[in-house]
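Okay, so here's the structure we're looking at.
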Amino acid sequence: MKKILVLTCVMVFAMAMAAFAAPAAPDKPLEFKGSQKTVMFPHAVHAKVECVTCHHQVDGKESLAKCGSSGCHDDLTGKQGEKSLYYVVHTKKELKHNNCIGCHSKVVEEKPDLKKDLTGCAKSKCHP
């Protein structure tokens with residue numbers, strides 16, 4: 001009887017932990033809409049990176065909100081300051097969290113042949 005009770009507790013705990021797991025990354029590219037062009041963001045390609053790398057904590061809590069969500073980087077026309085989506089994607093200055101160009105620059109340091117694809121403006125993977 002004790003074995004059944006222990007097994008039941010373990011199964012309930014495992015199911016509870018699964019319920020709190022991060023949702024699966026979208027398998028289709030997401031549209032990153034800003035002030036200029038829409039960028040198609042291949043979420044699945046980036047899924048090898050831990051979610052909290054980009055979905056940084058907000059007020060000390062994990063947030064899986066989109067970057068341009070209300071209250072986050074929701075200035076879609078401006079190019080300065082951390083409320084500007086353009087700024088947080090493109091700045092080379094260190095921010096409180098990782099950003100696109102910072103991560104892409106690190107990859108290019110290791111693989112210089114990807115420079116145009118990952119850090120170029122026109123005809124890159126970001127801006128085809």
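The values are calculated or read from the model by the stated rules, or taken from the named source; none is laboratory data. Keep in mind the model is a prediction, meaning the values are calculated, not measured. Cβ: placed from backbone, ideal geometry, glycine included. Neighbour counts: every protein chain shown. Accessible surface areas use protein heavy atoms only, side chains included; no ligands, DNA or RNA. Shrake-Rupley method; radii C 1.70, N 1.55, O 1.52, S 1.80 Å.
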Do we find a residue being aliphatic (A, V, I, L, M), part of a loop (DSSP other than H, G, I, E, B), loosely packed, with under 12 Cβ neighbours inside 10 Å and without any contact (Cβ under 8 Å) to a residue 12 or more places away in the chain anywhere in segment 109-128? yes
Scan of segment 50-87 for residues that are without any contact (Cβ under 8 Å) to a residue 24 or more places away in the chain, hydrophobic (A, V, I, L, M, F, W, C) and either part of a strand (DSSP E or B) or open to solvent by less than 60 Å² (accessible area, probe 1.4 Å) (or both), ordered by number: Val58, Ala65, Cys72
Please state which of the following conditions Cys103 fails to meet, knowing it meets all the rest: (1) in contact (Cβ under 8 Å) with a residue 40 or more places away in the chain; (2) outside any loop (DSSP other than H, G, I, E, B); (3) over 22 Å from Pro26 (Cβ atoms). (3)
Quick check on my filter: what residues within segment 80-124 are basic (Lys, Arg), at pLDDT 80 or above and closer than 23 Å to Lys48 by Cβ? Lys106, Lys111, Lys115, Lys116
When you go through (1) at pLDDT 70 or above; (2) in contact with an Asp or Glu (Cβ under 9 Å, 6 or more places away or on another chain); (3) under 25 Å from Glu82 (Cβ atoms) one by one for Ala22, which number turns out not to apply? (1)
